[in-house]
1. If you average 1/r across every pair of different Cα atoms in segment 564-665 and take the reciprocal, what Kirkwood value do you get, in Å?
2. Residue farthest toward the positive end of the dipole of the chain, with Cβ of Lys/Arg at +1 and Asp/Glu at -1: which of Ala239, Val677, Phe424?
3. Only residues of segment 294-318 count here: report those whose backbone N is under 18 Å from the spot 7 Å along Cα→Cβ of Lys262, or say none.
4. Given Cα pairs under 8 Å that are at least 6 residues apart, what percent is the relative contact order of segment 427-509?
5. Quick one: if you stick a label point 7 Å off each Cα along the C-beta vector at Phe76 and Asp538, how many nm between them?
6. Where a Cα-Cα gap under 26 Å defines reach, which lysines qualify for Lys63, not counting those fewer than 8 residues away within the same chain?
7. Excluding residues fewer than 8 places away in the same chain, name every one of the lysines whose C-alpha is closer than 23 Å to that of Lys213.
8. Leaving ligands, DNA and RNA out of it, report the carbon-plus-sulfur percent of the accessible area of segment 223-280 at a 1.4 Å probe.
Amino acid sequence: MIRKYTFGHPIPTDAVVLSLPAETGAVPFFTLSRNGEQIVLTRKLEAEDCLFGLGESVRGINKRGFLYRSWNSDVFNHTESTESLYSSHNFLVFFGPESCFGLYMDDPGRITWDLGYTRTDTAVITSENGNLDLYILEEASLTALARSFRRLIGRSYLPPRWAFGYIQSRWGYASEEEVRAVAGEHRKRGIPLDGVCLDIDYMEDFKNFTWRKDAFPDLNRFSADMKKEHIRLIPIIDAGIKEEEGYAPYDTGKAGGFFCKKEDGSDFTAAVWPGVCCFPDFMREDARRWFGSLYTPLLEAGVEGFWNDMNEPALFYTEERVQEAFRRAEELCGGNVDYEAMWGLKNAFNGIENNPEDYRSFFHSVDGQPVRHDKAHNLYGASMTRATAEAFRRFDPGRRFLLFSRSSFIGAHRNGGIWQGDNFSWWSHLKMALQMLPNLNLCGFLFSGCDLGGFGCNVTEDLLARFLQLGVFMPLMRNHSALHTRDQEIYRFSSWEIMRDTVRVRYALLPFLYSEFMKAALTDGMYFRPLAFDYSKDPRAVHTEDQIMLGEGCMIAPVLEQNAVGRYVYLPEDMLMIRFRSPEDYDLVPLDRGSHWIDCSLREFLLFAKKDHPVLLCPGGECTELLDDRTFTAVCRTDREVTYDLYRDDGSDPDPVLAEHLTKAVLPAAAACSSAVPGVAISSLVL
Ligand code: GLC
């Protein structure tokens with residue numbers, strides 16, 4: 001059951017697709033109060049209550065015990081005390097012995113989620129705008145709740161199948177030659193590869209929709225050449241458009257009046273990579289159409305995937321903030337520069353970035369009415385994603401394109417995927433990536449992943465190996481790193497063969513993982529979920545923070561610690577463990593319910609499957625297009641004949657009908673095949 005409550009005059013967000021009448025009674029489960037314009041929801045938490053959701057946010061799978069703020073922020077260098085990340089996903093599920101309901105705040109302004117932070121037994125959720133649609137969802141189970149929420153917000157984005165391949169990326173690939181060399185090295189060494197991201201280095205002076213003719217002389221030809229090698233180029237597009245006369249995107253944007261305006265009607269400007277930029281008003285349909293049309297030449301050149309960035313929007317500085325900082329500096333340095341003055345000076349300059357004053361100083365036009373940016377701040381990235389997705393649909397409605405964005409809001413889950421922003425090469429960020437995945441799924445973002453290896457600072461070999469092992473199961477499997485950090489391509493490391501084999505396992509599992517992903521997406525289910533969804537009556541499973549469920553019947557438990565040679569894994573039921581070293585070399589170990597110490601050296605990683613749930617491995621290959629997805633080895637812990645519905649399609653149909661793409665794979669009972677592992681069926685299938 002979904003109930004809607006409306007307060008004031010909500011800003012349209014495009015998040016919800018189900019039209020419901022607003023209720024008039026009191027909001028159930030919460031005490032509602034007002035504090036000036038703010039709406040405050042308070043609820044007492046029972047000792048056993050868990051909170052799931054909030055998609056991209058720091059800390060655990062269970063969000064209880066911290067304070068989070070919905071406020072999309074460019075927060076390079078975030079840690080576990082960072083309250084806001086790049087996206088805001090305002091869906092939270094309350095789950096306990098007495099409760100199973102969800103709260104969705106359809107409000108693109110700032111929201112504070114004090115989830116047992118001020119008082120451990122109380123959740124206080126505050127909408128600053130006070131103008132919003134609020135939804136309460138009530139179902140008998142967590143799974144039903146997730147499905148009901150997806151009915152409210154619409155089906156998740158479907159990427160093309162090639163996007164499940166391995167993608168190599170780095171800020172700093174400065175020429176066509178360099179990209180070719182990187183791709184060539186992967187092919188030479190047998191490291192599978194389906195895409196290379198082009199970062200801002202391909203642009204001329206970091207201007208969107210241009211490219212450096214000296215270093216990338218003919219992007220069309222380059223893209224076509226790479227495609228022949230089954231490698232897609234995936235260019236980055238930033239939100240800001242450089243303010244420069246004679247630069248077509250600026251001239252046409254200016255002529256159309258498509259940029260966000262200040263109160264005096266002039267264009268709002270702030271600096272990002274290319275210098276001073278204007279910001280498209282993506283909330284306007286005509287501005288989205290104009291911006292989307294700028295992708296057309298690249299699409300015509302055969303580009304099939306993009307990543308949209310800096311769309312919180314990130315503001316390095318505005319002229320106003322710089323002047324203010326200089327004024328403050330003069331004031332502070334007038335006399336003796338003591339330590340207070342020195343800190344003041346530092347803060348004055350640090351504060352010029354992403355300054356709240358700036359976010360209050362410009363406007364969008366919504367149905368002809370001005371809306372101050374901060375009231376709708378969290379929608380900016382989602383609206384940019386929408387502009388791009390609409391352009392794809394206009395360009396070729398019969399095809400899926402790859403799109404992933406840094407900033408997002410619920411609603412954008414229908415139009416694209418996301419990456420988890422600028423993480424670091426830290427073990428703590430490996431764990432954070434794992435913990436975010438189920439909550440992103442709960443909020444509709446199935447196609448996601450983190451920068452494998454970590455974006456900021458220098459990766460170590462073992463950390464990259466462990467990141468990749470988790471990445472095997474992430475829909476978006478991209479190795480990405482920042483300029484000036486240590487080279488992070490697999491082949492740069494002495495143990496590259498181990499990592500190559502990890503990626504090879506991804507390709508052997510790819511038809512199976514794709515099948516699990518598509519079935520989840522097309523049934524409004526979850527590809528990743530907390531263990532609580534499958535084992536709601538098992539307190540130990542409910543509170544598990546370092547293992548997650550995958551697809552219909554699998555679970556993953558990655559190694560997340562430096563120098564670890566294994567880990568404890570909790571099995572809520574009897575399962576089959578697969579310990580991978582390569583697609584050809586793995587152990588099959590039936591394990592019973594309970595806790596187990598599992599040896600797992602650096603070259604090994606684990607997948608668990610419930611009884612009667614097979615895992616299918618194909619022969620693998622160097623790219624998705626050449627994968628043989630007809631011939632499989634299927635493994636399953638079972639004592640009967642089992643069937644698996646394998647989903648297969650052309651990898652591109654934007655609106656596939658699930659039933660038309662399922663093939664039944666029948667596995668004989670373990671006893672009927674000459675299995676070396678008692679109780680485990682191992683069969684060769686041709687489907
Ligand atoms: C931002 C992005 C990062 C990219 C960099 C340069 O920090 O998050 O992925 O490499 O900008 O474009």
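1. 15.7 Å
2. Val677
3. Flagged as within label range: 315-318.
4. Computed value for segment 427-509: 28 percent relative contact order.
5. The modelled label-to-label distance comes out at 4.4 nm.
6. Here the lysines satisfying the reach criterion relative to Lys63 are Lys4, Lys44, Lys375, Lys431, Lys537.
7. Straight-distance partners of Lys213: Lys227, Lys228, Lys242.
8. The C+S portion of the solvent-accessible surface of segment 223-280 is 50 percent.
The values are calculated or read from the model by the stated rules, or taken from the named source; none is laboratory data. In this text the structure is predicted, and so the values were computed from the model without any measurement. Using ideal geometry, Cβ is built from the backbone for each residue, glycine included, and neighbour counts are taken over all protein chains shown. All accessible areas refer to the heavy atoms of the entire protein, side chains included, with ligands and DNA or RNA removed. Shrake-Rupley method; radii C 1.70, N 1.55, O 1.52, S 1.80 Å.
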